[in-house]
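First up is the structure itself, then whatever we jot down about it.
The values are calculated or read from the model by the stated rules, or taken from the named source; none is laboratory data. Everything quoted here is computed from the prediction, not taken from an experiment. All Cβ positions, even for glycine, are placed from backbone atoms using ideal geometry, and neighbour counts span all protein chains on display. With ligands, DNA and RNA removed, areas are computed over all heavy atoms of the protein, side chains included. Shrake-Rupley method; radii C 1.70, N 1.55, O 1.52, S 1.80 Å.
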Amino acid sequence: MTIVYDKSKGLTDAELHFCPGCTHGTVHKLVAEVLIELDVLDRSVGVVPVGCSALSYDYFNCDMQQASHGRAPAVATGIKRVNPELVVWTYQGDGDLASIGAAEIVHVAHRGEKITTIFINNAIYGMTGGQMAPTTLIGQKTTTSQDGRTVEHSGRPLKVAEMLATIDGAKFVERVSVDSPANIRKTKKAIKKAFELQLSGEGFGIVEILSTCPTNWALTPRDSIKWLRDNMMPYYPLGNLRSPEEAK
Amino acid sequence: MAKGKVTFNTDICKGCELCIDVCPVNIIVMDESMINVKGFHPATVIEMEKCIGCGNCAITCPDSVIKVERF
Ligand SMILES: Cc1ncc(C[n+]2csc(CCOP(=O)(O)OP(=O)(O)O)c2C)c(N)n1
Ligand code: SF4
Ligand code: SF4
Ligand code: SF4
Ligand SMILES: [Mg+2]
């Protein structure tokens, strides 16, 4: 009898507070599994700002640091520069990273900081009750775009991975999705590559993950997966935008 | 075909049903005969002998409810 899958030792025994079917939990598992597989859990430090992942320090079996809204890349920069032996990563939502934290993420990439960013794009501010984010799609109804987002009022959704891929210091940029077992496996591979890049000291790496927010999308978890496929994937194409070979 | 065995940590299942859609042999259902401590009908397997131990259900579960073994 071989074990095909069991809960990762990179996670604590705490039960996740996320809503049923929220893919934040899926991504938490992947990050934990990768840190174990790379054997760096005991020297890794995760930095989480605000958002539904704000309680992640209870879930990851490694040191964690809270940061204020959008500032995780700046805090991570400090931690990494003081102790380069540490494996430092940020875990940020789209309301956090693409809005109030837009400057921090651009400049962490610009400086080529040797950290890894896990970026959860669920097209909404989840924690605060479903407001429009820079990543909210055209026509998407949120509590602050009740008739649907319009280009006239709010512009077009920000493509973070494409934007960061233009910056030289960003050595690994990939957009993935956790909508199916195959894509979850690909997401894990991308997260692993981003961490490996940090370990080899090449520069900044970010993985943008298309994710669901069933509660604020007002859909069942299963319908949320379908909504992600039908609406997010066409606008946010999956794929690698920058890898070390190409970035040289 | 490989044989698999799945075990559910029933108490922490949130009844999201995401595991149902990814099972290639369609053996996962929600157990409507019980309600767990969280107040959900938890996921369970019917016809365990059909399980191929692919791991899809466990990989997909956001809450690490499922353990999969293969023999
Ligand atoms: C300075 C500051 N402004 C506003 C907030 C309120 N706030 C908490 S979480 C959040 C954004 C959450 O959205 P996102 O980053 O997309 O995370 P999600 O919950 O969707 O994963 C905001 C605006 C705050 N905590 N601090
Ligand atoms: S509000 Fe949305 S993002 Fe937050 S835990 Fe619930 S489903 Fe997940
Ligand atoms: S391991 Fe595969 S076959 Fe077995 S219950 Fe899970 S998804 Fe179905
Ligand atoms: S995916 Fe996990 S939490 Fe959701 S119903 Fe299946 S076992 Fe329960
Ligand atoms: Mg969000």
Name the helices (runs of 4 or more DSSP H) wholly within segment A:149-248 that hold at least 3 residues that are farther than 21 Å from residue A:107 by Cα?
A:151-154, A:181-199, A:214-217, A:221-227
Going through segment A:120-136 in order, the residues found to be more than 7 Å from ligand 5 (Cβ to nearest atom) and within 14 Å of another protein chain (Cβ to nearest Cβ) are none
Tell me which residues, restricted to segment A:198-218, are open to solvent by 40 Å² or more (accessible area, probe 1.4 Å), at pLDDT 95 or above and away from ligand 1 (no atom under 15 Å from the Cβ).
A:199, A:200
Residue B:39 vs. criteria among the small types (Gly, Ala, Ser) and away from ligand 3 (no atom under 14 Å from the Cβ):
yes
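Among the candidates B:67, B:3, which residue alone is over 22 Å from residue A:18 (Cα atoms) and either within 12 Å of ligand 4 (Cβ to nearest atom) or not hydroxyl-bearing (Ser, Thr, Tyr) (or both)?
Within the list B:67, B:3, the selection yields B:3.
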If you go through A:2, A:12, the only one that is within 13 Å of chain B (Cβ to nearest Cβ) and in contact (Cβ under 8 Å) with a residue 40 or more places away in the chain is A:12
Condition set in contact with a strand residue (DSSP E or B) (Cβ under 6 Å, 6 or more places away or on another chain) and open to solvent by less than 10 Å² (accessible area, probe 1.4 Å), scope segment A:179-197, selection nearest to residue A:130 (Cα to Cα): answer is A:187
Going by what's in this entry, would residue A:168 be described as closer than 30 Å to residue A:143 by Cα, away from ligand 1 (no atom under 16 Å from the Cβ) and more than 14 Å from every other protein chain (Cβ to nearest Cβ)?
no
Keeping to segment A:58-71, report how many residues are without any contact (Cβ under 8 Å) to a residue 40 or more places away in the chain and either crowded, with 16+ Cβ neighbours inside 10 Å or of a type outside the set (Ser, Thr, Tyr) (or both).
8
Out of the residues in segment A:120-140 that are surrounded by fewer than 23 Cβ atoms within 10 Å (Cβ to Cβ) and within 16 Å of ligand 1 (Cβ to nearest atom), which is farthest from residue A:95 (Cα to Cα)?
A:140
Residue that is more than 14 Å from chain B (Cβ to nearest Cβ) and either among the acidic types (Asp, Glu) or within 16 Å of ligand 4 (Cβ to nearest atom) (or both), where the choices are A:37, A:33
A:37
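Each row is one residue, and each column tells you yes or no for (1) out of contact with any His (no Cβ under 6 Å at 6 or more places or on another chain); (2) assigned to a loop (DSSP other than H, G, I, E, B); (3) open to solvent by 60 Å² or more (accessible area, probe 1.4 Å).
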residue	(1), (2), (3)
A:14	yes, yes, no
A:17	yes, yes, yes
A:28	yes, no, no
A:32	yes, no, no
A:47	yes, no, no
A:73	yes, no, no
A:80	yes, no, no
Strands (runs of 3 or more DSSP E) fully within segment B:5-71 counting 1 or more residues that are within 9 Å of chain A (Cβ to nearest Cβ):
B:66-70
